[in-house]
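One structure, as structure tokens, below. Some questions next.
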Amino acid sequence: MSEQAPGRGIDFVAAAFGRCPACGKGKLFKSYLKVADACGVCGTNFKTADTGDGPVVFVLLIAGFIACTGLLVSVLAWNWPVWKLLSVWPGVAVVLSLILMPMLKGVMVASQLKHRVRD
Ligand SMILES: [Zn+2]
């Protein structure tokens, strides 16, 4: 990643991993899902980005698809008993959701910064 002035280039991968989408160095979040007011390194203002419930939809679709596909394969191909299904796949869905949530929120914040969404 090279030095970029705010607004010139947006790095979606950096945002997915919790870094500033403008410079790739500062922190995007001040807590698990709370977006910082601005980048501590380049000063990019994150206050204009408000993702609302947008990332939740994608998290539900992705984690739900993976967990439901795994559950179906477990039943139809491997013939797992119910206790094993219930002990594995709900946990997989929860862990996947917790991992994907900040990543997709970061990507949506980056998308809003790229397209200069304002109130
Ligand atoms: Zn920055």
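List the pairs whose first member sits in the range 41-62 and is charged (D, E, K, R), whose second member is surrounded by fewer than 16 Cβ atoms within 10 Å (Cβ to Cβ), and whose Cβ atoms are under 9 Å apart, counting only residues at least 6 apart or on separate chains?
The qualifying pairs are LYS47/ASP37; LYS47/ALA38; ASP50/VAL117; ASP50/ASP119.
Report whether or not SER97 is without any contact (Cβ under 8 Å) to a residue 24 or more places away in the chain and out of contact with any Ser or Thr (no Cβ under 6 Å at 6 or more places or on another chain).
Numbers: without any contact (Cβ under 8 Å) to a residue 24 or more places away in the chain: no; out of contact with any Ser or Thr (no Cβ under 6 Å at 6 or more places or on another chain): yes.
Criteria not met by SER97.
Just checking, which of LEU28, LEU76 is in contact (Cβ under 8 Å) with a residue 40 or more places away in the chain and hydrophobic (A, V, I, L, M, F, W, C)? I'd like the intermediate steps shown before the answer.
Working: LEU76 fails: in contact (Cβ under 8 Å) with a residue 40 or more places away in the chain.
Sole residue among the options that is in contact (Cβ under 8 Å) with a residue 40 or more places away in the chain and hydrophobic (A, V, I, L, M, F, W, C): LEU28.
Which count do you get for residues in the range 63-119 that are aliphatic (A, V, I, L, M), part of a helix (DSSP H, G or I) and either open to solvent by 70 Å² or more (accessible area, probe 1.4 Å) or under 17 Å from THR51 (Cα atoms) (or both)? Step through it out loud before you land on a result.
Step one: filter the range 63-119 for residues aliphatic (A, V, I, L, M), giving 63, 66-67, 71-73, 75-77, 82, 85-86, 88, 92-96, 98-101, 103-104, 107-110, 113, 117.
From what's left, part of a helix (DSSP H, G or I): 63, 66-67, 71-73, 75-76, 82, 85-86, 88, 92-96, 98-101, 103-104, 107-110, 113.
This time we only want the ones that are either open to solvent by 70 Å² or more (accessible area, probe 1.4 Å) or under 17 Å from THR51 (Cα atoms) (or both), so: 66, 72, 76, 82, 86, 94-95, 98-101, 103-104, 107-110, 113.
Summing the residues that are aliphatic (A, V, I, L, M), part of a helix (DSSP H, G or I) and either open to solvent by 70 Å² or more (accessible area, probe 1.4 Å) or under 17 Å from THR51 (Cα atoms) (or both) in the range 63-119 gives 18.
Which residue, of LYS27, LYS47, LYS34, is within 12 Å of the ligand (Cβ to nearest atom) and open to solvent by 50 Å² or more (accessible area, probe 1.4 Å)?
Matching residue, one of LYS27, LYS47, LYS34: LYS27.
Tell me, which residue of the range 15-24 that is open to solvent by 10 Å² or more (accessible area, probe 1.4 Å) and not aromatic (Phe, Trp, Tyr) is nearest to VAL107 (Cα to Cα)? Reasoning before the result, please.
Just the residues of the range 15-24 that are open to solvent by 10 Å² or more (accessible area, probe 1.4 Å), to begin with: 16-19, 23-24.
In the following step, the residues that additionally are not aromatic (Phe, Trp, Tyr) were identified as 16, 18-19, 23-24.
On the way: ALA16: 5, GLY18: 9, ARG19: 10, CYS23: 14, GLY24: 13 Å.
This residue is ALA16.
The values are calculated or read from the model by the stated rules, or taken from the named source; none is laboratory data. Everything numeric in this text was worked out from a predicted model, so none of it was measured. Cβ atoms come from the backbone with ideal geometry, glycine included; neighbour counts cover every protein chain shown. For the accessible areas, the whole protein counts, side chains as well, though only heavy atoms, and no ligand, DNA or RNA atoms are used. Shrake-Rupley method; radii C 1.70, N 1.55, O 1.52, S 1.80 Å.
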